[in-house]
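Reviewing the structure listed below.
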Amino acid sequence: MPIDATLPYDDQNIFAKILRGEIPNRTVYEDEWSLAFHDINPQAPTHILIIPKGAYVSWDDFSANASDAEIAGFTRAVGHVAREMGLVEPGYRLLANVGIDAHQEVPHLHVHLFGGKALGPMLAR
Ligand code: AMP
């Protein structure tokens, strides 16, 4: 079910549980600000989710309310993961779903990183 991105943060969401170590994940990178792990249902040969460690519902919440240090740390982590995975030269796609029309399902900000094949047009019709 898509979520309403204007709702308050729910600390029982699945990514909050991953951050607390309550459920497992396949981590590819972690630093002070961010965690990156494999999507459980990959939509491309490489499909990584990068999440901030802070409690932000969506890109909207994060861009409005996160500190400059959190925003810088998270942005650098996204670029770092793509670089470390060798995706810069072949190319990759970033995607962040926000709210109902975008079909955001997990109410903790996550950036999808897709790569490993030619990804085609931006949106399915
Ligand atoms: P979104 O529709 O943008 O909210 O995407 C949520 C993503 O989280 C989907 O691609 C799911 O496959 C992924 N996902 C859900 N639960 C887990 C989990 N436990 N570990 C890794 N990825 C997950």
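Some points to look at:
- In the full protein context, the chain carries 60 Å² of accessible surface per residue, based on a 1.4 Å probe and ignoring ligands, DNA and RNA.
- Expected 222 nm ellipticity per residue - DSSP helices of 4 or more, -39500 (n - 2.57), all of the chain, to 500: -7000 deg cm²/dmol
- Which of N41, P107, G54, positive extreme of dipole for the chain (C-beta unit charges): N41
- Relative contact order, whole percent, for the chain stands at 36, derived from Cα pairs under 8 Å and 6 or more residues apart.
- Extension gain (nm, one decimal) between I14 and S63, 0.36 nm per residue minus Cα-Cα: 15.5 nm
- For the stretch 14-115, diffusion coefficient by Stokes-Einstein and Kirkwood Rh (Cα), 25 °C, 0.890 mPa s, µm²/s: 179 µm²/s
- Residue with peak Gaussian network fluctuation, the chain [Cα springs, cutoff 10 Å], from A55, A66, A102: A102
- Coil-residue GluC sites (Glu not before Pro) of the stretch 1-109, DSSP, other Cβ within 10 Å capped at 10: E22, E32
- Summing charges over neighbours of G73, with a neighbour being any other residue whose Cβ is under 12 Å away from its Cβ, gives -3 when K and R count +1 and D and E count -1.
- With the simple model of a label 7 Å out from the Cα in the direction of the Cβ, E84 to I40 spans 2.3 nm.
The values are calculated or read from the model by the stated rules, or taken from the named source; none is laboratory data. None of these values were measured; they are calculated from a predicted model. Note that we place each Cβ from the backbone using ideal geometry, even for glycine, and neighbour counts take in every protein chain shown. Protein only, heavy atoms only, side chains kept; ligands, DNA and RNA dropped before computing areas. Shrake-Rupley method; radii C 1.70, N 1.55, O 1.52, S 1.80 Å.
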